[in-house]
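The values are calculated or read from the model by the stated rules, or taken from the named source; none is laboratory data. Quick caveat: nothing in here was measured; it's all calculated off a predicted structure. We place every Cβ from the backbone using ideal geometry, glycine too, and count neighbours over all the protein chains shown.
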Amino acid sequence: MELKTNGQPGMEDLLIRYLTGSCNEEDIQMVNSWLSLNSENQRNFDQLKDIYYLGKTMKTPGGFDPDKSLARIKSQYYRIRYNELKDTEGTNKAKNLRYLTIVAVAASLLLLISLGINLKTAFRPAVTIPSDIPLAYNEINTPKGSRTRLTLPDGTQVWLNAGSSIRYPMDFFRGDRKVTLTGEAFFDVKKSSRKRFIVNTSDIAIEVWGTKFNVKAYPDESIIRTTLVEGSISIKKLKGSVRDKETYLIPNQTAIYYKDENTIAEQDKQAEVPESRKVVHTVQIQNEIKTVLYTSWKDDKWIIEGESLGSLARELERRYNVSISFDNESIKKYRFNGILADETFEQVLEIIKVSAPINYTIKSNQVRLEEDLRSRSKYDQFLNR
């Protein structure tokens, strides 16, 4: 007796690998294609997810044991089928009773296999399995100079920016769907009315049920920026008081979380913000923003608008895996607009050079930006026209 997979060869093992986070990108595409065939496939898969806590990844000295994990999930599957059939037992009682017996026996035998118990010793006293076994985790790291797109076990799509990582439990469906992000990622979260999706960063947690949003939380930056494209999300500080209220976002809003009060004071000072308008909380909301400016890094065209050279340099360092230094701090304030597609790093530097009075030198992956004093006066004249 097999699980309902429409007779597709190898699908049972593939579903188990998918649930335990052991699929590669090709496997994930196969599972998604199978799920999209019809609603029956999705229903059966949802049932497998619900009983997955009885089919945790079984480990052997060689790693993952798909046979034991599959047997454990099948066992619980047949138990559920047994209860369903028992509830509908009626008109053909003898036939149903015989089928119920077959299903019950299949569940029992598969449970013994999943536990690795020999049938001859199956009725020895039970051994208590510790409940405090630590969770196993998957971690995906995207080095500088690259970007990654991945699909989580629940179908959530994630774009991971350069120099970023995401970590999530292999037993992804136990409790809330939780991931830990370091760096930047765009999430297209699979909707679920029963399980929240939570993104933990160094300082804040973002909670959603199904939505699209971007989180930028690099350790070397003083702020964490959360930008909402669709749906709704809430933001809560991880290190604050229990009385701290959650911050809720609606589409086309971005929330800036300041990691420390000194950062807020310094930014207000540089911007000459009057006392009446200074930020008094660690979360600042910006309304009616252009979300594409915060999400286009993942697309074919990266849109830049009014970004300072100091901020742009950090993005370029990660995107092209280079190190950028300045001959003076003042040139960090030059601002740039534009659209980058498949330009090389040298081409980007040339664009910067013709857009502002700046020269550059490259040595290996070390880049030095210097102000071109000869063209500075012409640049200032152009701006003052």
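The residues of region 215-234 that are touching a Pro at 6+ places or on another chain (Cβ under 7 Å) and surrounded by 22 or more Cβ atoms within 10 Å (Cβ to Cβ) amount to a single one, LEU228.
Please tell me if PRO130 is at negative phi, at pLDDT below 95, surrounded by 15 or more Cβ atoms within 10 Å (Cβ to Cβ) and not small (Gly, Ala, Ser).
Criteria not met by PRO130.
Within region 347-376, can you find the residues that are in contact (Cβ under 8 Å) with a residue 24 or more places away in the chain and either charged (D, E, K, R) or assigned to a helix (DSSP H, G or I) (or both)?
Hits for region 347-376 are VAL348, ILE352, ARG368, GLU370, GLU371.
Just checking, which of VAL348, VAL273, VAL283 is surrounded by 11 or more Cβ atoms within 10 Å (Cβ to Cβ), of a type outside the set (Lys, Arg) and at pLDDT 90 or above?
Answer to the check: VAL348.
None of LYS216, LYS190, LYS239 is among the charged types (D, E, K, R) and closer than 26 Å to GLU26 by Cα except LYS190. Elements of the type strands (runs of 3 or more DSSP E) sitting completely within region 285-340 and holding at least 1 residues that are within 27 Å of TYR248 (Cα to Cα): these cover 302-308.
Scan PHE187, PHE173 and give me the residue that is surrounded by 22 or more Cβ atoms within 10 Å (Cβ to Cβ) and aromatic (Phe, Trp, Tyr). Checking each option against the conditions leaves just PHE187. How many of the residues making up region 1-59 are at pLDDT 70 or above and not in a helix (DSSP H, G or I)? Here the count works out to 5. Among the residues of region 191-203 satisfying the criterion of being at pLDDT 95 or above and not polar (S, T, N, Q), which is surrounded by the fewest Cβ atoms within 10 Å (Cβ to Cβ)? Going through the qualifying residues, I end up with ILE198. Would you point out the residue of region 310-338, among those that are hydrophobic (A, V, I, L, M, F, W, C) and at pLDDT below 95, that is surrounded by the fewest Cβ atoms within 10 Å (Cβ to Cβ)? Going through the qualifying residues, I end up with PHE336. Can you pull out every residue in region 181-199 that is part of a strand (DSSP E or B) and over 8 Å from the mean Cα position of the chain (by Cα)? Residues satisfying the conditions are THR182, GLY183, GLU184, ASP188, PHE197, ILE198. Can you find a residue in region 338-349 that is among the small types (Gly, Ala, Ser), within 19 Å of VAL292 (Cα to Cα) and within 31 Å of the chain's Cα centre (by Cα)? Yes: one or more hits.
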